[in-house]
Each structure stands twice: as C-alpha cells, then as structure tokens.
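**Student:** The following block contains the structure, expressed as structure tokens.
The values are calculated or read from the model by the stated rules, or taken from the named source; none is laboratory data. Predicted model only: the values in this text are computed from it and were never measured. Backbone-built Cβ (ideal geometry, glycine too); neighbour counts: all protein chains shown. Calculation scope for accessible area: heavy atoms of the full protein, side chains included, ligands and nucleic acids excluded. Shrake-Rupley method; radii C 1.70, N 1.55, O 1.52, S 1.80 Å.
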Amino acid sequence: MSALYQSVWRWHFYAGIIFAPFLIILALSGSVYLFKPQIEGQLYKDMLTVREVGAEKLSPDELAAAVRKESPGLAIGSITMPDNPRSTVKMSVSQDGVPTTMYADPYTGRITGTIDTEKTFTELFKKLHSQLLLSGTLPNRIVELAACWGLVLTITGLYLWWPRGKFTIWGTILPRLGKRGSRQFWRDLHAVPAFWISLLLIAIIMGGLPWSGVVGPQIDKLANSTNTNTPPYAYTFTGAPESITRAKDVADNLPWATENLPVPASAAGGYMQISLNEVAGIADRQGVSRPYTITLPQSDKGVFTLSSDKDNPTYNATLHIDQYSGAVLTDVRFADYGILAKLITIGIAFHEGKLFGLANQLLGLLACLGLILISAGSYVMWRKRAPARKLGAPGKPRDRKVSIGLLVIMGVLGVLMPLVGLSILIVLVVDLLIIRRVPALSSWFSA
C-alpha cells in the first residue's frame, strides 16, 4: 500500500467517523424537504387551493380590500400573485402586531386560512437540515462544517476508489455480491454506490454552500470583487444606488443574486402612493413572470419591491419601483447576472430540487438515500476490520514527506473552507498535545 494511499485513507476514515452521523441527518431531512410542494399541497390543501375556479380573479386592490374587510386591523406586508389558477394568494400580514402568513381566494377574497410558516411540517425538517433543531449560530456552523467535510470525503473517496493495476468491472463500477457478509461485500456496498453518486453529491453540497454562514459570504464577496454577481450595467440607471439598505432587509422571496442589492429611495415630494393594481400593471408590462411577490413600502422613502423567484431561475426578476411615480428604479434579471451568480443560482435551484421538476427531486432523493447507504456500509465495514479495544484507524504512513504533502493539500482546502481549516488545526493540536503524550490513546488511535 502506497504511503499516499495510506495517508488519504486515514484522513477519509477519521472524517467519516466524525461527520457521517451529521451527513445522515442532512440526507434524511433533505430528502423530506425536497418534496415540500407535494407534502404541503396535501397537508394544507384546503388553505392553498381554491374550492372553485371562478370566471375572473379580483384585482390586487380588490383582493386586499376584501381581506381587510373580513379581518379589520390587518396590515399587509406583501402579496404573492400565483401562476396556477387553482392556487390561493399568499400574503405576509400583521394582525395586531403579530406577523403571520395568510391565504385568500383570488376569486372571492375569502380568507382560506392563516399559518405560522415557522411551524409547518416541512419547516421542522428545514430546521433539522440547517440548525439540527437547535437555536443559535453554533448548530448552523456544525451543519456547514459537516457539509464541507462531505466534500472532502467525496474527493478523498474518489481517490481511494480509483482502480490501481488492472481494471475490473466488479468492485469498481459493480459490487461483488458473491461473498455476502464479508468485509469485501460491505466495502463494495460503500465504494461502488459512492462512485455513482459522487458527482451528484458534489453538485448538491456546492449548491447549498452559498447559504452557509462562513463560506456563503466569501462566495458573495468573490462574486462582487470579480464583477461576476450583479455588475453595474444590471441597473436601469448609471451605477448602483448609494444605500446601506439591502433588498433582503425589505423583501422576501428574492433570488440569491439580488438579496444584497442596494435599495433605492422613492423621490421626495410624493403625496399619493400608487395602487397595487398599478404595480401589477408594471409587472405585466415589464414581463415579470408569475408567481411574483409585491412587497409594500415600509416608509415614506421606501419602494415597492417586485420579485419573481420561479423554480426556473432564468425567469428571476427583481424590480424596485418608486411608490409615488411608479418609475422603475432597479430592474435586474437573470440575464444581467454575472457568470458566477448564474452558476450559483442554477446550483441553488438544483439543490432544492426545483431546476427541472420531479426528475430533479428524484435525483436529489437518490443522492440522499445513496449517502445513507454508503454511510451504513462504511460503519459495518469499520466494525468488521476494527481489532478489539482499538478504534481500527489506518496506521500512519512511514513516509513523513507524503503526510506533510497531504497536510498541505488539506490546508489549501481549509483556506477555501475556513471551518475545515479550523477543525484541522484543532485535530493537530489535540494530536500533538494529548493523543501522542498518552500511550493508551496513542495506541487506540493508531497514532
């Protein structure tokens, strides 16, 4: 066994032991959340669909008036116009200062129900997926750390899988099922499926990293510094507005690439705010695809934000509209994105299972189930090879140059993914100061 193979195997082993449980949790929760539209469509069917499709829909102003009449004191923050004639209209509202989500029949104005979106069935799995059902920053960082190490595991796993010597189909692209129960059998159930889903896993993990707390802002900074996010020519006027307010501070349902757009201000001196009907008319004239969300101004200088975050990202649109004159101050579409923003937007849609419908969801499910299978196979394989009273980790290679060289490579990955780098430093410190100084630990860890 080469020293490089031994060293890579050792890193792969320890990363798998530590992070496989977290990756299983992410796979289980992600596989459920992929099918949010179908699940919530059944659980909340009476709220999300109309009883009867009418001849003509109410205008946005008529709908808002009907809802306010049925529920006095209601303040509407945003309204989402659906593209399906059987769908109700979603509104973000505040009732006596309590924010909630309300749905209304677009043909009659009847309120079909209210719901706390933080407490829906699929939201439970979303919180498990992003926060491990815990609050605070630390759980989110643990999830990000596990996802980043998932990338490292996939890359190192591909190196370990790569056939050495004469190529054979069995054990490489097809598992050897003849010796059931043997370590070879479980090795193949781990390595072969991992090879088949490796590209899927890399695409899915990369698609989720833009949302992460540490790598995400670095990706956004990279896109902005290289002019590959939303360059200046994406605006309808010369240059971006001088504003510290960002789009995500005033609106929901925004595409990733426009969340940090600076928000312009409505022109001073306006007295009469334009109507929701007029904003909807602007959306139609500008070719904004439904479903789109109209977010109302929050102050005298605020703007209407018109955003379309369709499953197909090529229809993305973010417009800011002067609340008095109706002038379109900002109009950013998918075509205006830089190359990195386009790739990230497509990657996010793929991660969520939205890029090409049910087939995308099924591919995501395949990756999640495959990850669970290979994690289970690795556990059985580990227990079969681990000697009594030892962890069973691969021994350190004798060639220190190889170990140092691989550590440098891992350090580069640690720079690209800071949490990985921090975890590597912690492991090295624990190894040098504790494990190597305690003979029992040194023997157990094969240090």
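**Student:** Nearest 10 degrees is fine. How inclined is helix 357-385 to the longest principal axis of the chain, computing both from alpha carbons?
**Tutor:** So the helix axis and the longest Cα principal axis differ by about 20 degrees.
**Student:** Amide H of Ala327 versus every other amide H placed in the peptide plane: which residues, excluding those fewer than 5 positions away on the same chain, fall under 5 Å?
**Tutor:** Counting only residues 5 or more places away or on other chains, the set is Asp322.
**Student:** Next up: Report, by chain and number, residues whose modeled amide H sits under 5 Å from the one on Gly113, excluding near sequence neighbours (fewer than 5 apart, same chain).
**Tutor:** Close amide H contacts, sequence-distant or interchain: Tyr103.
**Student:** So which trypsin sites (Lys or Arg not before Pro) in the stretch 393-447 are both in a DSSP loop and have at most 13 other Cβ atoms within 10 Å of their Cβ?
**Tutor:** Loop-located and lightly packed - Arg398.
**Student:** Near Ala267, within a Cβ-to-Cβ distance under 10 Å, what is the net charge of the other residues, with Lys and Arg +1 and Asp and Glu -1?
**Tutor:** Once positives and negatives cancel, what remains is 0.
**Student:** Moving to a separate point now. Which is farthest toward the positive dipole end of the chain among Pro262, Trp382, Gly157, measuring Cα position about the Cα centre, with Cβ charges +1 (Lys, Arg) and -1 (Asp, Glu)?
**Tutor:** In the chain, that residue is Trp382.
**Student:** Same structure, new question: Give me a comma-separated list of calculated 3J(HN,Hα) values for the stretch 341-347, in order, Karplus coefficients 6.51, -1.76, 1.60 applied at θ = phi - 60°, integers in Hz, x for any Gly or Pro.
**Tutor:** The phi angles translate into 4, 5, 5, 5, 4, 5, x Hz.
**Student:** If you put +1 on each Lys and Arg Cβ and -1 on each Asp and Glu Cβ, how big is the dipole of the chain around its Cα centre, in Debye rounded to 20?
**Tutor:** In total the dipole reaches around 3500 debye.
**Student:** Looking at the chain, identify the longest residue range that excludes and avoids all chymotrypsin sites (Phe, Trp or Tyr not before Pro) in DSSP loops having at most 14 other Cβ atoms within 10 Å.
**Tutor:** 1-166
**Student:** Let me ask something additional. Work out from phi, with θ = phi - 60° and the Karplus expression 6.51 cos²θ - 1.76 cosθ + 1.60, the ³J(HN,Hα) of each residue of the stretch 12-28, listed in order in whole Hz, and give x for Gly and Pro.
**Tutor:** Couplings: 4, 4, 5, 4, x, 4, 7, 9, 4, x, 5, 5, 5, 4, 5, 5, 5 Hz.
**Student:** With r defined as the distance between the Cβ atoms of Leu4 and Ala335 and R0 fixed at 56 Å, what FRET efficiency is calculated, to the nearest 0.05?
**Tutor:** 0.75
**Student:** Taking each pair of distinct Cα atoms in the stretch 239-305 once, what is the resulting Kirkwood hydrodynamic radius in Å?
**Tutor:** 13.0 Å is the Kirkwood radius here.
**Student:** Separation between the Tyr271 and Arg383 pseudo-spin-labels, each 7 Å from Cα along Cα→Cβ, expressed in nm?
**Tutor:** Roughly 7.9 nm, to one decimal.
**Student:** Moving to a separate point now. Mean separation of Cα pairs under 8 Å and 6+ residues apart, divided by the residue count of the stretch 1-144: what relative contact order is that in percent?
**Tutor:** Relative contact order of the stretch 1-144: 22 percent.
**Student:** Which value at 222 nm does the chain reach when only helices count, each DSSP H run of 4 or more adding -39,500 (n - 2.57), with the total divided by all residues and rounded to the nearest 500 deg cm²/dmol?
**Tutor:** -16000 deg cm²/dmol
**Student:** Still on this structure, please answer the following. Taking all protein chains together and a probe of 1.4 Å, list His129, His320 from the most accessible to the least accessible.
**Tutor:** Order by accessible area, largest first: His129, His320.
**Student:** Before anything else, pin down the relative contact order of the stretch 64-174: Cα pairs under 8 Å, at least 6 apart, normalised by residue count, whole percent.
**Tutor:** Relative contact order, the stretch 64-174: 13 percent.
**Student:** Right, another one. Could you state the number of Å between the C-alpha centres of the stretch 1-63 and the stretch 97-139?
**Tutor:** First find each Cα centre; the distance between them is then 15 Å.
**Student:** Find the all-direction average of the projected area of the Cα convex hull for the stretch 350-402, expressing the result in square nanometres with one decimal place.
**Tutor:** 6.4 nm²
**Student:** Moving to a separate point now. Counting only C-alpha contacts under 8 Å and six or more residues apart, can you give the relative contact order of the chain as a whole percent?
**Tutor:** Answer for the chain is 19 percent.
**Student:** Report D for the stretch 96-237 in µm² per second (integer): Stokes-Einstein, Kirkwood Rh on Cα pairs, 10 °C, 1.306 mPa s.
**Tutor:** D, rounded to a whole number, is 79 µm²/s.
**Student:** Treating only the Cα positions of the stretch 326-365 as identical point scatterers, give the base-10 log of I(q)/I(0) from the Debye formula at each q in 0.15 Å⁻¹.
**Tutor:** Values, matching the q order: -0.48.
**Student:** Using only the alpha-carbon atoms, how far is helix 60-70 inclined from the longest principal axis of the chain? Give it as 0 to 90 degrees, nearest 10.
**Tutor:** 90 degrees
**Student:** Can I ask one more? Relative to the longest principal Cα axis of the chain, at what angle does helix 400-416 sit, 0 to 90 degrees, rounded to 10?
**Tutor:** The two axes meet at around 10 degrees.
**Student:** Also: Starting from the alpha-carbon convex hull of the chain, give the projected area averaged over all orientations, in nm².
**Tutor:** Here the figure is 26.5 nm², rounded to one decimal.
**Student:** Please identify the trypsin sites (Lys or Arg not before Pro) of the stretch 79-135 that satisfy two criteria: DSSP loop assignment and at most 12 other Cβ atoms within 10 Å. Which are they?
**Tutor:** The qualifying sites are Arg86.
**Student:** Counting other Cβ atoms within 10 Å of each Cβ, which GluC sites (Glu not before Pro) in the stretch 36-139 have at most 14 and sit in a DSSP loop?
**Tutor:** Sparse-neighbourhood loop GluC sites (Glu not before Pro): Glu52, Glu56.
**Student:** Count charges around Thr108 for me, please; just the other residues with Cβ under 13 Å from its Cβ, Lys/Arg as +1, Asp/Glu as -1.
**Tutor:** Overall, the nearby charge balance is -1.
**Student:** Which one, Gln95, Gly364, Val430, projects farthest toward the positive side of the charge dipole computed for the chain from Cβ point charges (K/R +1, D/E -1)?
**Tutor:** Of the options given, the answer is Val430.
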